[in-house]
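Asks: Before I ask anything, here is the structure I am working with.
Values in this text are rule-based calculations from the coordinates and carry no lab data. Owing to the predicted nature of the structure, the values given are computational and were not obtained by experimental measurement. Cβ atoms come from the backbone with ideal geometry, glycine included; neighbour counts cover every protein chain shown.
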Amino acid sequence: MAQPLVLFKNRHPNRAATLDEYKQSGGYEALQKFVGGKVDPGEVIRLVDESGLRGRGGAGFPAGKKWEAVPKDAPFPRYLVANADEMEPGTFKDRILLHTDPHCIIEGMILAAYAFSATKGFFFVRPSYDSSAVIMERELEVARGAGFLGKNILGSGYSFDIVVHRSGGRYICGEATALLNAIMGKRPNPIKPPPYPTEKGLWDRPTVVNNVETLACVPHILRNGPQWFKDLAITPKGAGTKLFCVSGKVNSPGAEELPMGTPLREIIEKHFGGMIPGSEFKACLPGGASTRFLTRDHYDVPMDFEDLKAIGNRLGTAAIMIFDQKTCMVATAHNLMRFFARESCGWCTPCREGLPYMRELLWLIENGEGKEEYIDTLRSMCKQVWNSYCALAPGAAEPVISLLDFFEDEVREHIRLKGCPFHAKAGN
Amino acid sequence: MLSEELKQKLRTMIADAESPREKAVDVMLEIQERHLWMSDEAMEEASDLLGMSPLELDELATFYDFIYRSPVGNYVIHVCDSAMCWLEGHQRVMDYISIRANVPIGGTSPDGLFTLLPVCCIGYCDRAPAMVINRRVYGKLTPEKIDRILDKLAGENEFHPPE
């Protein structure tokens, strides 16, 4: 089966597609038809709902349902936020998409906004993606010039504009409620719903936060129909294609668009050049740093929301980080926990206090000062962090839980040897 | 301490916002473009423009990775130390830069040119090990590549001294 290219069909080396190139590939046809033709916004929601489009930012929430959650009689202004924060370690698909086809994202944002009558959009982007922010600002101006964005879009009477909002850089900003605080110039603490942002978001007005890749799917769904989108997936319950970004011990790390549900083995061996010479697949994190290690036992798992859920894991952002037999899993888990502990926003205690404690225990085990009882302590703490306000703290515990579930022998060997067996083998 | 010209630019930025403090990060990034870091004086003047108290602005300034509340060099080198860059030898990159540019890890070189800091995943995992310097990202780092980058930055600086 040929690789179906939807989001990456206008991919060029080293430059983004222009407005003309996007239009030649059918771009802005959906906007002409639905916004230009003043189609009922409810129809946009219905079609996207029917397509089975689920959020590509990690949580996998159905996109149409999110827009539908904005009450029909909700006050104005209403806001749409495109989340291009992408700070989940291992994840860089949105950056590549932004550098590939910015107008696909812009059209997706306008159509999503139209679905719940949003009046203003924010494109929230992290500091290390400044080149993406610059591209976006330039192409937004191009879209305005073409009449696709701004006042009275295509003579429809509907007005919507987008501004780029630069972040100062913190992992928590990718969490939807924290992101809203960040935009409003408040400390980006998460807020435990209810009320949900769809009722009271930015400045207490209805706000929808969607991932960039999710938004980019929308024009294609509306142009080609929900069934076409469903049929792009290999798995029966899946829908669409997925941007997989693969890094670590493979020959050709990068991002590729593949059918939802493509088996892990095929992704690694066929699309990313296989393992580097001398390396064997030991484990991967299938969807960013806050998913569980996936071992050789599940090497053939179809990479889709439901199939990963069935084996107790998550598709997350589909950022696959690959580790080989020479990688120490305790050291890896320690590195991940160092990230989570440092990036904890500090708003609630289980995360602020719990994550550094877990990092310390992992460091002690890795450096030969581990004790058997630390294993139980770590397990217990993985449960405690669920008492946090937001989902990022339980996410942080995922690599640790799976370290203990799948690599307990390796952990115990560290404790028994009073040091890291991988260091010993490497002659350090 | 902020020039009238810069203040006018900041006022224009703020005027576009739904509410002034929405532009807090943009304002601080813009000030850092000219003055490298956010001094107490800069914080006070910026918070005035934003309609915030200096303390409210400091709550944000100290929170974000790319806002600096201590003096930094002309170039702030953030070396990624998250999973993929760690796997590909971020520590070697850190050590090499430290020796090559005579800059302590977490500090600034005596000539005021470079500051060296770790940073969380910057989203360039396919090009690990990677770093970001003044909004520009460099990946697949080797000692030779680092030499070229540092030499180029040092060279540029001779012709464009900061304010």
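Asks: Pairs of Cα atoms under 8 Å, at least six residues apart: use those to get the relative contact order of segment A:29-107, whole percent.
Replies: Averaging sequence separation for qualifying contacts and normalising by length gives 17 percent for segment A:29-107.
Asks: Follow-up. How do A:His12, A:His165 line up, fewest other C-beta atoms within 10 Å first?
Replies: A:His12, A:His165
Asks: Below 8 Å, C-alpha to C-alpha, sequence gap of six or more: please give me the relative contact order for chain B in percent.
Replies: It comes to 18 percent, rounded to a whole number.
Asks: May I pose another question? How far is the Cα center of segment B:109-157 from the Cα center of segment A:379-402, in Å?
Replies: That distance is 34 Å.
Asks: Here's another thing I want to ask about it. Could you state the number of Å between the C-alpha centres of segment A:228-259 and segment A:74-147?
Replies: 22
Asks: Now for a different question. Would you mind checking A:Lys72/A:Lys151; A:Lys93/A:Lys309; A:Lys270/A:Lys326; A:Lys23/B:Lys9 for any pair whose Cα atoms are more than 28 angstrom apart?
Replies: A:Lys23/B:Lys9
Asks: Reachable lysines from B:Lys152, Cα under 22 Å, same-chain residues fewer than 8 places away excluded?
Replies: Counting by Cα, and skipping residues close in sequence, B:Lys152 has these lysines nearby: B:Lys140.
Asks: Is the C-alpha gyration tensor of segment B:4-63 telling us rounded, prolate or oblate? Criteria: a/c under 1.5 is rounded; beyond that, a/b larger than b/c is prolate, otherwise oblate.
Replies: oblate
Asks: Within chain B, which cysteines find no other Cys whose Cβ is under 4.7 angstrom from their own?
Replies: B:Cys120, B:Cys121, B:Cys125, each lacking another Cys Cβ under 4.7 Å.
Asks: Let me ask you something else. For segment A:250-306, what class follows from the C-alpha gyration tensor (a ≥ b ≥ c being the square roots of its eigenvalues): rounded when a/c is under 1.5, otherwise prolate if a/b is larger than b/c, else oblate?
Replies: oblate
Asks: Here's another thing I want to ask about it. How would you rank B:Asp81, B:Asp48, A:Asp300, going from fewest to most other Cβ atoms within 10 Å of each one's own Cβ?
Replies: By the 10 Å Cβ count, ascending: A:Asp300, B:Asp48, B:Asp81.
Asks: State which stretch of chain A is the longest one without any exposed GluC sites (Glu not before Pro), exposure meaning a DSSP loop state and at most 11 other Cβ atoms within 10 Å.
Replies: With a cap of 11 other Cβ atoms within 10 Å, the longest stretch comes to A:1-279.
Asks: I've got another one for you. If I take R0 = 45 Å and measure r between the Cβ atoms of A:Leu417 and B:Glu144 in this structure, what FRET efficiency does the formula 1/(1 + (r/R0)^6) give, to the nearest 0.05?
Replies: 0.75
Asks: Hey, fewest Cβ within 10 Å first, where do B:Glu59, A:Glu398 land in order?
Replies: Ordered from fewest to most neighbouring Cβ atoms within 10 Å, B:Glu59, A:Glu398 come out as B:Glu59, A:Glu398.
Asks: Over chain A, what is the relative contact order in whole percent, taking alpha-carbon pairs under 8 Å and six or more residues apart?
Replies: 16 percent.
Asks: Would you mind checking segment B:118-155 for residues with the amide N under 19 Å from a putative spin-label position 7 Å along Cα→C-beta of B:Asp111?
Replies: Residues passing the 19 Å test: B:133-134, B:144-155.
Asks: Compute the FRET efficiency between A:Lys151 and A:Asp231 as 1/(1 + (r/R0)^6), taking r as their Cβ-Cβ distance and R0 = 35 Å, and round to the nearest 0.05.
Replies: Computed FRET efficiency for A:Lys151 and A:Asp231: 0.40.
Asks: Here's another thing I want to ask about it. Put a dot 7 Å past each Cα toward the Cβ at A:Glu21 and A:Arg138; how far apart are the dots in nm?
Replies: Between A:Arg138 and A:Glu21, the label points sit 1.2 nm apart.
Asks: Along the charge dipole of the protein assembly as shown, pointing to its positive end and built from +1/-1 on Cβ of Lys, Arg, Asp and Glu, which listed residue (B:Pro20, A:Ser156, A:Thr235) has its Cα farthest out?
Replies: A:Thr235
Asks: With the crude spin-label approximation of a point 7 Å out along Cα→Cβ, what separation in nm comes out for B:Glu41 versus A:Asp300?
Replies: In this crude spin-label approximation the distance works out to 7.0 nm.
Asks: Something else now. Would you please classify the overall shape of segment A:189-264 from the alpha carbon gyration tensor, given that a ≥ b ≥ c denote the square roots of the eigenvalues, rounded means a/c under 1.5, and beyond that prolate means a/b larger than b/c while oblate covers the rest?
Replies: oblate
Asks: Could you tell me how far the Cα centroid of segment B:1-59 sits from the Cα centroid of segment A:292-322, in Å?
Replies: Rounded to whole Å, the Cα centres lie 45 Å apart.
Asks: Rounded to the nearest 0.05, what FRET efficiency do B:Met13 and A:Lys309 give with R0 = 45 Å and r taken as the Cβ-Cβ distance? Could you check?
Replies: Given R0 = 45 Å and the Cβ-Cβ separation, E is 0.50.
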